[in-house]
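Bear in mind these aren't lab numbers, they're just calculated from the coordinates by the rules spelled out. Note that the structure is a prediction, hence the values are computed from the model and not measured. Virtual Cβ from ideal backbone geometry, glycine too; neighbours counted across all protein chains shown.
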Amino acid sequence: MRGPGIRAATSSIRSRPAIFVAGFVSMFLGSVVVGSFASLLATGLDAGTSAVDQESLVTMASVVGGWGLVIVLFSVASTMTVSVHQRTAEIGLIRALGAVPRQMRRQLTTETAVLGAVACLLAVLPATLLGRRVFSLVQEGGMVTPGLQHVAGLPYVLTASALVLVVSLAAVRVAAHRATGQPADIAMRAGATQGTRVPRLSRWRVLAAVLAFAAGASMSALTLTVMRDQEDPYASMQTAGPAGILWSLGFVLLSPLLLRGAARVLGGVLSRFGVPGYLASYDARRRSHLLAGILAPVIVLVGMGLGTLYLMAIENQAPSVLGELVTEADAATLETLNYVVVGMISTFAAIMVVNTVAALVVDRRREFGQQRLAGATPQQVVATNVLEAALVAVTGLVVGGIASLGTIVPYSLVKLDRVVPDVTALWWVLVWTLAVAVTVGSSWVAVRRAMRQPALEAVGAVT
Amino acid sequence: MRETAALEVHDLTKTYGTGAGAVRALDGVSLVLGTGSFTAVMGPSGSGKSTLLNCAAGLERPTEGTVAVGGETLTAMKEAAMTRLRRERVGFVFQGFHLVPYLTAEQNVALPLRLMGRKIRRRDVRAALDLVGLAEQVDRLPSQLSGGQQQRVAMARAMVTEPALLCADEPTGQLDTRSAREVLGLLRGSVDRAGQTVLMVTHDAVAASYADQVVFLVDGQIVGRMSNPTVGAVATQLANLDELALGGAR
């Protein structure tokens, strides 16, 4: 059976662009980040590039870009899930009008495909420019031959974009399956009461988390054992970095569970904040699956940020590795590159936090209206949301911090012979402040804006 | 009985939009409800019934005129102050229930008290739920309740603060006949037993027959009143109202 075609999809997007913004932004930025590394890879594989340069560039692009890819794909998938959830009621309505689940899924995927194609194409130019910037940083560091030219590598950049698109479509399909797998009227009612059912974490998700933790643990262990004895002084860095990322991903997969736990543990603290604290703690417990969309990028931001920054801090304090194998220029390049990667990924994660917060607030306008009709003042609604955001932020700080230890502790043991490195605490302060500011700040701004809409209008009683 | 009227609406006007496209939803409506009375507001679609109710409850601001609930003037208050007064003095039951989705029945009922900063006495909350026949369902979330049950939770929530005025906007509009009858019986009961003042908007002649008086609204103006309404009398009057509305348009 055929579903609504491309024309239906484009008119759906044109008529209410707001609900597509989050998905668009995540696919666009994801393509830019991944595409920039793809262009680095293209330069490395270019016919004119010498074998030495080729090895440096390909290693860099695939190791660093590869991890960037994992993080980007994860964030995009989680945003796409939120954006489908936003439309539960609409999906129920169209189902009630007679669309079979397959037609509905088809419409959702067609919309994503149209939107994604535009986002990914628009990302090509910025991705190439960002790739060139990273390349010139690498070149300034002397890691590749000075004369080597950057290649835009259109096919590679496009492939990267296509990958982002494919993963987005897969995420939408999974979310759409969940949204259409029930009778139409239930879907519509779930939309009306905004899905209070807390979905159980799927077995696949738990399994994936266990795998991520296992991989993270083995990376941490490898850092301490095999890699320690390697001749290459940077060998242990190659496993220590990914260790923290894998730990972060494991936590990301379990984020709804972590949020429920945090709400329970911090319930006492929240209850000190009166009614807003009371509402925040119940919302976080009973609808952790929604707020978890914000927690995921916060964990990535904190875990990845702290891990990499302290990797460099430890490296700088360790006995010099300069010698036959490593020149001063190599060390400088490596440092620059690490900072560039931290900068790129944390910027991306920070934007994803804002993106998800904004999408979720749009999703919840009706519910804010309901709270106000029950007698909550706008200030009480805003306070509730700020507390929820703070709960998410604190959970992210703790969990991300723990994940980063998967990188920091083994590397510190290898390089400095101590469990806790005696290095500056400044990065902790910086990353934590940034994460809290982004999460709480964006939530505060978005909910305050939502309060401008009259409560009756927000619940759809008047149009 | 108290001296002050539960609701006093004076010369209420509400205009939506400006210029040529402006719509006058209410056009000089005045209404006084004595404490312990049950009034139904009826009229064709677009006659301004819901606007009247929303203005009376402090959910919407009138363009002109005054609204006083229990002797306290609502109009000319700021949003936060109006919310505070509203949650103390007005209970509201909506067609669409509007329960907070992540709170249980009991927590939903206690919410207005919590928001007001009052001490929550579990006994009172349970009693309110017991009164609407939901003593067994206190721990259910709204999504686990039927429409009729959700509406009864909403009624318990609206009445737990002992408001001066209980507003109901098509409270039976989304319910089956049996649930509708239960909800209407509960409204009537609150008037008879506790001296609650109720203002209800409805399309349904059967629902209106539960009230002490019916006020008929056409094009934002009160065009008729009926005391001790019966289903038949209300239905007949409604048919005439339609003609009146058409006559006005011509």
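Quick notes
- As a size descriptor, the averaged projected area of the C-alpha convex hull of the protein assembly as shown was calculated at 36.1 nm².
- Stokes-Einstein diffusion coefficient of region B:47-154, Kirkwood radius over Cα pairs, 4 °C, 1.567 mPa s, in µm²/s: 85 µm²/s
- Charge dipole of chain A about the Cα centre (unit charges at C-beta), most positive-ward option of A:347, A:254, A:289: A:289
- Proximal lysines to residue B:14, defined as alpha-carbon separation beneath 23 angstrom and excluding residues fewer than eight positions away on the same chain: B:49, B:78
- Degrees between helix A:328-363 axis and first principal axis of chain A (Cα, 0 to 90, nearest 10): 0 degrees
- Modelled this way, with points 7 Å down the Cα-to-C-beta line, the labels at residue A:218 and residue A:430 are 3.4 nm from one another.
- For chain B, the mean residue ellipticity at 222 nm estimated from helices alone is -11500 deg cm²/dmol, where every DSSP H run of n ≥ 4 contributes -39500 (n - 2.57) and the total is divided by all residues, rounded to the nearest 500.
- Region A:215-337: proportion of alpha-carbon pairs further apart than 18 angstrom, %: 64 percent
- When you filter the trypsin sites (Lys or Arg not before Pro) in region B:84-185 for DSSP loop state and at most 13 other Cβ atoms inside 10 Å of their Cβ, you are left with B:119, B:121.
- FRET efficiency, residue A:166 to residue B:64 (Cβ-Cβ, R0 60 Å, nearest 0.05): 0.50
- Taken over the Cα atoms of region A:1-79, the convex hull encloses 141 Å³ per residue.
- Loop-located GluC sites (Glu not before Pro) in region A:310-370 (DSSP state other than H, G, I, E, B) with a sparse environment of at most 12 neighbouring Cβ atoms within 10 Å: A:324.
- Between region B:105-129 and region B:62-85, the Cα center-to-center distance that results, in Å: 25 Å
- Taking every Cα-Cα distance in region A:418-463 and sorting them into 10 Å bins from zero, the calculated P(r) comes out as 22, 25, 20, 15, 10, 7, 1 percent.
- Over 18 Å [Cα-Cα, region A:1-144], rounded percent: 63 percent
- A Förster distance of 41 Å, applied to the separation of the beta-carbon atoms of residue A:379 and residue A:16, puts the FRET efficiency at 0.90.
- Spherically averaged projected area in nm², based on the convex hull that wraps the Cα atoms of chain B: 13.9 nm²
- Phi-derived couplings, Karplus 6.51 cos²θ - 1.76 cosθ + 1.60 at θ = phi - 60°, listed residue by residue for region B:37-49: 9, 10, 10, 9, 10, 10, x, x, 4, x, 7, x, 4 Hz, with x used for Gly and Pro.
- Dividing the C-alpha radius of gyration of region B:107-227 by 2.2 N^0.38 Å, with N its residue count, gives 1.12.
- Here is how the number arises for chain A: DSSP H runs of 4 or more residues each give -39500 (n - 2.57), the sum is divided by the residue count, and the result at 222 nm is -27500 deg cm²/dmol.
- Here is the size of region A:216-255 from its Cα atoms: Rg then Dmax, 11.3, 39 Å.
- Across chain A, C-alpha contacts under 8 Å between residues 6 or more apart give a mean separation that, scaled by the residue count, equals a relative contact order of 20 percent.
- For region A:268-381, the equivalent ellipsoid built from the Cα gyration tensor has semi-axes of 46, 15, 9 Å, listed from largest to smallest.
- Under the simplified labelling scheme, the residue A:93-residue B:4 pair shows an inter-label distance of 4.2 nm, with each label point 7 Å from Cα along Cα→Cβ.
- Kirkwood Rh and Cα Rg combined as Rg/Rh, region A:355-463: 1.22
- A Cβ-based charge dipole, computed about the Cα centre of the protein assembly as shown with Lys and Arg at +1 and Asp and Glu at -1, lands at about 1920 debye.
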